[in-house]
Structures are given as structure tokens and as C-alpha cells.
Amino acid sequence: LAKTTQPISMDSYEGQEVNITCSHNNIATNDYITWYQQFPSQGPRFIIQGYKTKVTNEVASLFIPADRKSSTLSLPRVSLSDTAVYYCLVGAAISGGYNKLIFGAGTRLAVHP
Amino acid sequence: GAVVSQHPSRVICKSGTSVKIECRSLDFQATTMFWYRQFPKKSLMLMATSNEGSKATYEQGVEKDKFLINHASLTLSTLTVTSAHPEDSSFYICSAGLVNEQFFGPGTRLTVL
């Protein structure tokens, strides 16, 4: 399982775009990159998943460079409710739901008024 | 999306007693479920993989006789913390796999007095 490295914490203000970068130098060929969000005293919630280039959904974008050794989660125009811990995970997506997930330290994002 | 529930959401017990936590996949069948624990301000730590109809697979350092896991049906896995002690106080989270995604339960807060 590829190890991931993220900043421990980030601060932002409402309405700004937030970019959280994750390093995964040992990513394997069949690994996908998945981001989860966790609020205090709740289980993690899936945000977005990708393999290469760019993926966008209704809440975020995921940018993955050609070498795939890093990825950036982009949250457009954050609000106070985006204050949470964000986890980057790397693993096989095919049957990935059945593979164990190893969580890193995550990035604690604080959005200020 | 798929829903995973946990019961109870919080429990307080006396030291030495056993506590059972249930994890249910509400709208899908899950042959594989996972159990995590999380201490305050820390990341999720995988405890074990629960497989329907077979023995659970425990992560290194997790006592299988302390944390009993039973996955008796395709929608239910239970975690029993036996002879609980104050150091077992934690937030316990389960997840259930479905193809390429894992869905997390809301968590159970265990407090051992």
C-alpha cells in the first residue's frame, strides 16, 4: 500500500479556493487516488476518486499529474461547513471497496469567516 | 449512495464489562466489512477485516481475543469489546465495501469508566 503525505493543517477564508496536495511517490500502476472528508464524531465521507489527469464532480476537483506521484484536491469557494479533516488514500479501485484502507494523518482544514 | 448504520451511537460502560457494537449495510450486501478505531485528534486506525462466513483478519497489534468480530450475515458485522477498560475508550467506525468504494458508518463513541 502506497504511503501518502499531506500537510497537517491548512487555514482558509470563506469564498476562497483551497488546494490540498498529497504526495504518493510509491503509487502502483493499478492504484487509484481517493479523497475522504471527515467531520468530528462522524465517519469519513467519500469526496472524489481519480486515476490520472483531472476529475471533477459537484463538490471538488482532483488534479493528477502525468507521473501520478502527487495529487491535488481542489475545493472551490469554501464555506464554514467545509471545516473538516481531509484524507488522501491510494489503492486499487477495481474491487477497491473490498480492500482495506490505510489512513494517513490527513489535513485539518479550518475555514474562517 | 449506499448506507451503513451503527448501533449504538454512543455507549458508556463500567470497566470489566463487554460491549457489542453493530454495523449494518442497509441497502446492499457486504461480504467484507472493516472496523477502525479513532482517538481524539488522530487518524483512523484499521483494526480488522470482517469477512462474512469466515474468521476476521486482524491487523498487527490488535488483540483478537479482546476485540471479537462476528460477520454472521451479508448485512451485519458485530464488534465486541470484551472486558473493557478505560484505555479502550475510543470512537469505533465500521465500513462496508461495494465494488470500488467503501461506505462508512456514523461511528460509535465508547466511554469506559
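Worth pointing out:
- Any hit, region A:42-58, residues being more than 14 Å from chain B (Cβ to nearest Cβ), closer than 23 Å to B:Q102 by Cβ and surrounded by 13 or more Cβ atoms within 10 Å (Cβ to Cβ): yes
- Residue satisfying condition, being in contact with a Phe, Trp or Tyr (Cβ under 8 Å, 6 or more places away or on another chain) and either over 22 Å from A:Q42 (Cβ atoms) or crowded, with 22+ Cβ neighbours inside 10 Å (or both), within set B:S50, B:S73: B:S50
- The residues in region A:70-94 that are facing chain B (nearest Cβ under 10 Å) and modelled with pLDDT of 95 or more can be counted, and the count is 2.
- Residues within region A:6-41 that are surrounded by fewer than 14 Cβ atoms within 10 Å (Cβ to Cβ), under 29 Å from B:P106 (Cβ atoms), of a type in the set (S, T, N, Q) and modelled with pLDDT under 95, tallied: 1
- Selection count where residues are in a strand (DSSP E or B), touching a residue at least 24 places away in the same chain (Cβ under 8 Å) and of a type in the set (A, V, I, L, M), scope region A:28-77: 7
- Which numbered condition A:L101 fails, given (1) within 11 Å of another protein chain (Cβ to nearest Cβ); (2) farther than 24 Å from B:Q60 by Cβ; (3) of a type in the set (A, V, I, L, M): (2)
- Filtering region B:12-32 to residues that are within 14 Å of chain A (Cβ to nearest Cβ), part of a strand (DSSP E or B) and aliphatic (A, V, I, L, M) leaves only B:I21.
- Restricting region B:77-103 to residues that are among the hydrophobic types (A, V, I, L, M, F, W, C) and at pLDDT 95 or above leaves a set whose member that is surrounded by the most Cβ atoms within 10 Å (Cβ to Cβ) is B:C94.
The values are calculated or read from the model by the stated rules, or taken from the named source; none is laboratory data. Quantities reported herein were computed from a predicted structural model and do not represent experimental measurements. Glycine gets a Cβ as well: all are built from the backbone with ideal geometry, and neighbour counts include every protein chain shown.
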